[in-house]
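First the structure, in the form of structure tokens, and then the observations on it.
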Amino acid sequence: ILIPGFMVTSQATARQVIDSLTGLFLVDAFESDFLLRFKQRGAASVRTIPENDLAALNADGEIFQQNIIQEPELPLKFTVTYVDKDADYIQQSHFYQRIINPRPTMNSRNNLGVELPIALSATVAKQRAQQTLFSAWIERNNYDHRLSWEHIDLDPTDVVTFSFDDGTSYRTRMNEFDIGQDFTIEANAIGEEGAYTPTVLGDSGAILQQIVTSIVAVRSVILDIPYLGN
């Protein structure tokens, strides 16, 4: 991911600076084998986990519990405010919005956004707004489950597919792991049913060039005199 420029305008930790970029470009950070690693979302599934590898979550025998973020909590519109590298580095904004007319597709009316001192092209900024908006809806489902010890090699951010005996399957991104006393892995995965590929183009608009002219003639004169020190 090539970023033309990023300004650190105030005192901040390295983590705060990195978080602002990873959030906009849908990159997840995780620790594995004592190393800090980064992975962009939308990767291919690395494993298919069958129903037999899941343990019961509760006394009712549930093995895969779905949690859904309600529509009013999700964004209707997402705006990215940035510095346009193709328009004399002036501040610009691009947004992407879900369809609400003639019939609403959901109940959300939230307008969210991010303002960053980052140099981007208009198209990249528009695509970031589209991807961020759609990813919030794609990832509205998350799943609690328990895995057997043989899946201990999985890392957070790994994409796995859960396959059930009735033919249903779920493509997910591993999120949290907690190893229990009996060596079962209590885990949570985020739904990743959908694509992250952007389809929009941005426009910087008319570029106003600022030309500074001078009506005063300036002549340089080199004085042939001894050097004057302090």
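In segment 1-37, the residue that is farthest from the chain's Cα centre (by Cα) out of those that are within 18 Å of Pro198 (Cα to Cα) and open to solvent by 60 Å² or more (accessible area, probe 1.4 Å) is Leu2. Only residues in segment 48-59 that are closer than 15 Å to Met174 by Cα count as the first member; pair them with residues that are basic (Lys, Arg) and open to solvent by 50 Å² or more (accessible area, probe 1.4 Å), Cβ under 8 angstrom, at least 6 apart or cross-chain, and list the lot. Matching pairs, first to second residue: Leu54/Arg146. Look through segment 171-194, keep the residues that are open to solvent by 70 Å² or more (accessible area, probe 1.4 Å) and not β-branched (Val, Ile, Thr), and return whichever of them is farthest from Ala55 (Cα to Cα). Within segment 171-194, the match that is farthest from Ala55 (Cα to Cα) is Glu193. Cβ separations smaller than 8 Å between residues 6+ apart or across chains give the following pairs from segment 170-192 residues that are more than 25 Å from Phe38 (Cβ to Cβ) and of a type in the set (Val, Ile, Thr) to residues that are open to solvent by 70 Å² or more (accessible area, probe 1.4 Å) and at pLDDT below 90: Thr184/Trp149.
For Gln40, are the conditions met, namely being surrounded by fewer than 14 Cβ atoms within 10 Å (Cβ to Cβ) and touching a Ser or Thr at 6+ places or on another chain (Cβ under 7 Å)? Steps first, answer last, please.
Details: surrounded by fewer than 14 Cβ atoms within 10 Å (Cβ to Cβ): yes; touching a Ser or Thr at 6+ places or on another chain (Cβ under 7 Å): no.
It is false that Gln40 is surrounded by fewer than 14 Cβ atoms within 10 Å (Cβ to Cβ) and touching a Ser or Thr at 6+ places or on another chain (Cβ under 7 Å).
Remark: pairs (first residue in segment 26-45, closer than 16 Å to Thr172 by Cβ; second residue among the aromatic types (Phe, Trp, Tyr) and open to solvent by 90 Å² or more (accessible area, probe 1.4 Å); Cβ separation under 9 Å; 6+ apart in sequence or on different chains) = Asp28/Phe38; Phe30/Phe38. Filtering segment 58-73 to residues that are under 12 Å from Ala136 (Cα atoms) and of a type in the set (S, T, N, Q) leaves only Gln70. Got a number for residues in segment 200-225 being at pLDDT 70 or above, within 30 Å of Gln97 (Cβ to Cβ) and among the β-branched types (Val, Ile, Thr)? Result for segment 200-225: 1. Among all positions in segment 40-58, there is at least one residue which is more than 20 Å from the chain's Cα centre (by Cα) and of a type in the set (Gly, Ala, Ser). Of all the criteria given as (1) farther than 30 Å from Thr161 by Cβ; (2) open to solvent by less than 60 Å² (accessible area, probe 1.4 Å), the one not satisfied by Asn67 is (1).
In summary, strands (runs of 3 or more DSSP E) completely within segment 30-134 and bearing 2 or more residues that are within 28 Å of Thr9 (Cβ to Cβ) occur at 35-40, 75-84, 91-97, 110-120.
Of the listed requirements (1) out of contact with any helix residue (DSSP H, G or I) (no Cβ under 8 Å at 6 or more places or on another chain); (2) under 30 Å from Met7 (Cβ atoms), Glu71 misses just one: (2).
The values are calculated or read from the model by the stated rules, or taken from the named source; none is laboratory data. Because the structure is a prediction, the values reported are computed rather than measured. Note that we place each Cβ from the backbone using ideal geometry, even for glycine, and neighbour counts take in every protein chain shown. Side chains included, ligands, DNA and RNA excluded: accessible areas come from the protein's heavy atoms. Shrake-Rupley method; radii C 1.70, N 1.55, O 1.52, S 1.80 Å.
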